[in-house]
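Structure record follows, encoded as structure tokens.
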Amino acid sequence: MKYDLIIVGSGPGGLKAATRAASSGLKTALIEKADIGGTCLNWGCIPTKMYLGATAANPLLHTQIKAKSASGSIDFNLPNIVQKKDRFIKGTRSAAEKQLVNLGVDIIKGVGAFSSPKAITVTTDDGTTEVTFEKLIIATGSMPAAFPGLEPDGDCVLNSTHALMLTEAPESMIVVGAGAIGLEMGDFFSRLGAKITIVEALPNLVPTEDPDVGDAFRKILKREKWGVRTGEKVQSVKTVDGKAVLTFESGETLTADKALMAAGRQPASKELNADAAGIECVGAGWITTNDYLLAAENIYAIGDVNGRTLLAHAADHQACYAVDHAAGKITTAYDSGPMPACFYGHTEVMRVGPNTADLQKAGHKVETSTAMLVANPIAQSYGTTQGFVKVLWVDNKVHGIVAIGHGVSHLVTAAAIIVKQQWAPEDVHSIIWAHPTLDEALEMALVAPRNPA
């Protein structure tokens with residue numbers, strides 16, 4: 001069987017590519033070795049947000065209890081939360097598969113490996129099948145990284161997939177890695193009563209962001225009675241006598257009921273036999289792409305696997321470009337524009353565009369202006385006033401926006417538009433900012449006095 005376009009992997013990028021290609025009239029096949037939807041739907045973005053949504057009332061109640069405006073407690077039923085999550089994912093997966101079939105996409109369940117630059121062999125339960133293509137999009141994504149001595153065992157040492165399958169909350173949990181996965185999962189299990197200790201090898205929490213974001217997060221977590229250990233490297237994490245035991249390089253140990261390994265991702269490219277298609281990989285297997293997302297003359301690599309940006313919406317955006325480029329609808333190089341990113345939970349982080357260090361590394365002189373959430377009426381009304389919104393300026397134009405605090409993910413689209421358009425100060429008053437809203441913190445940050453970064 002020969003196809004105009006084959007997509008390998010059915011995460012956000014793969015699904016978007018398949019639906020867009022089939023809708024454009026291309027004879028399309030989708031190869032998937034596991035569940036339709038990839039990491040995002042099955043083990044990542046969606047289940048974690050369902051868990052955070054199901055338990056969101058807990059931190060809000062605690063805030064009001066501290067303010068002496070409420071009393072009481074909430075008991076969560078974790079098995080029921082897990083069942084609801086599973087039902088939702090199964091239904092969404094089924095709907096996605098049905099849409100693909102209705103569009104005429106051939107779904108091939110199995111592991112794909114290149115046999116040549118124009119052919120891929122798919123191994124299924126029934127044997128192997130070779131299919132050929134004019135063009136192909138690799139969208140195999142990434143998976144949890146497993147470093148020596150830190151490998152999850154599925155017993156007391158877990159990765160994020162293991163953690164999502166728990167039906168009983170541990171009394172204590174060590175979280176290794178203070179990025180999005182670690183902070184979000186730690187937040188969820190903290191709401192269920194687990195005592196959380198978060199460990200990060202780099203000096204700051206949220207190490208991809210400016211240090212003041214990590215400092216603010218540290219203060220918030222300490223108020224919530226988390227243990228916070230930064231700037232300390234971990235030698236090993238193992239199950240010992242039914243407990244998770246973490247050993248630092250210093251020799252000090254920590255013990256908890258469970259440990260969650262959330263220290264990075266690695267590309268899911270090993271099974272592709274990339275050499276047979278003339279594809280170059282670097283590092284742990286990240287696929288090298290050119291300005292057109294091409295890994296070879298007729299093969300694109302999109303999403304996590306190309307190592308550019310490990311975010312579902314980045315894969316989605318790259319998918320649209322790759323399909324349109326493959327179909328000859330566009331010929332210009334790929335341009336993502338300013339990238340929006342969020343961490344979710346009771347305390348959220350939002351950023352659009354580069355951080356301060358990125359801008360300075362590019363040779364820019366950066367100024368910042370900041371609005372504290374304590375001055376925002378919506379933050380005040382919820383009693384969640386910790387945090388800020390900060391704007392990064394270069395040559396009197398907005399080049400980046402970052403925020404930390406309750407609900408700041410809701411600012412991300414407005415921030416993306418502002419950064420994309422590189423607003424100047426006079427643009428702030430070109431729209432009416434509704435009152436009272438959290439958006440006003442963004443307005444206040446834009447007009448606040450500036451300081452050198």
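The values are calculated or read from the model by the stated rules, or taken from the named source; none is laboratory data. The model shown is predicted, which means the values in this text are computed figures rather than measured ones. Cβ sites come from the backbone with ideal geometry, for glycine too, and all protein chains shown count toward neighbours. All accessible areas refer to the heavy atoms of the entire protein, side chains included, with ligands and DNA or RNA removed. Shrake-Rupley method; radii C 1.70, N 1.55, O 1.52, S 1.80 Å.
Observations on the model:
- Computed [θ] at 222 nm, deg cm²/dmol, the chain (DSSP H ≥ 4; -39,500 (n - 2.57); rounded to nearest 500): -9000 deg cm²/dmol
- Between the alpha-carbon centres of the range 248-263 and the range 343-373 there is a gap of 30 Å.
- For the set Glu426, Glu97, the ranking by accessible area, highest first and with no ligand, DNA or RNA atoms included, is Glu426, Glu97 under a 1.4 Å probe.
- Relative to the Cα centre, the charge distribution of the range 159-263, modelled as +1 at Lys and Arg Cβ and -1 at Asp and Glu Cβ, gives a dipole magnitude of about 240 debye.
- You can think of it this way: the chain between Ser73 and Met165 has 30.6 nm of extra reach, that is 0.36 nm per residue less the Cα-Cα gap.
- Alpha-carbon gyration tensor eigenvalues x 5, square-rooted, for the range 12-122, Å: 42, 14, 12
- Calculated over the range 229-295, the projected area of the Cα convex hull averaged across directions stands at 7.4 nm².
- Stokes-Einstein D (µm²/s) once Rh is taken as the Kirkwood radius of the chain over alpha-carbon pairs, at 37 °C in 0.692 mPa s: 139 µm²/s
- Computed from the C-beta positions of Ala434 and Ala357, the FRET efficiency with R₀ = 30 Å rounds to 0.35.
- A straight line joining the Cα centroids of the range 78-115 and the range 1-67 runs 9 Å.
- Additional length obtainable on full extension of the chain from Ile107 to Gln235, 0.36 nm per residue less Cα span: 41.8 nm
- On full extension, the segment bounded by Asp275 and Arg450 gains 57.9 nm, given 0.36 nm per residue less the C-alpha separation.
- Projected onto their three principal axes, the Cα atoms of the range 121-181 cover extents of 53, 28, 23 Å, largest first.
- Model label points for Asp395 and Ser250, set 7 angstrom from Cα along the Cα-to-Cβ axis, are 4.6 nm apart.
- On the chain, 52 percent of the accessible area sits on carbon and sulfur atoms, based on a 1.4 Å probe.
- Per residue accessible area in Å² of the chain, where ligands, DNA and RNA are left out and the probe is 1.4 Å: 45 Å²
- Each Lys or Arg adds one and each Asp or Glu subtracts one; over the other residues with Cβ under 14 Å from the Cβ of Arg450, this totals +1.
- Over the range 143-222, equivalent-ellipsoid semi-axes from the Cα gyration tensor in Å: 22, 16, 10
- The overall shape of the range 204-354, judged from the alpha-carbon gyration tensor, is oblate: a/c is not under 1.5, and a/b is no greater than b/c.
- In the range 58-121, the inverse of the mean reciprocal separation of distinct Cα atoms equals 16.8 Å; this is its Kirkwood hydrodynamic radius.
- The distance separating the Cα centre of the range 208-247 from that of the range 116-158 comes to 31 Å.
- For the cross-link pairs Lys84/Lys109; Lys33/Lys85; Lys66/Lys90; Lys258/Lys361, the ones whose C-alpha atoms lie over 30 Å apart are Lys66/Lys90; Lys258/Lys361.
- Longest to shortest principal axis, alpha-carbon extents of the range 1-48, angstrom: 37, 20, 9
- Computed E for Ala327/Asp212 - FRET, C-beta separation, R0 51 angstrom, nearest 0.05: 0.70
- Cα-based convex hull volume of the range 338-448 per residue, rounded to whole Å³: 86 Å³
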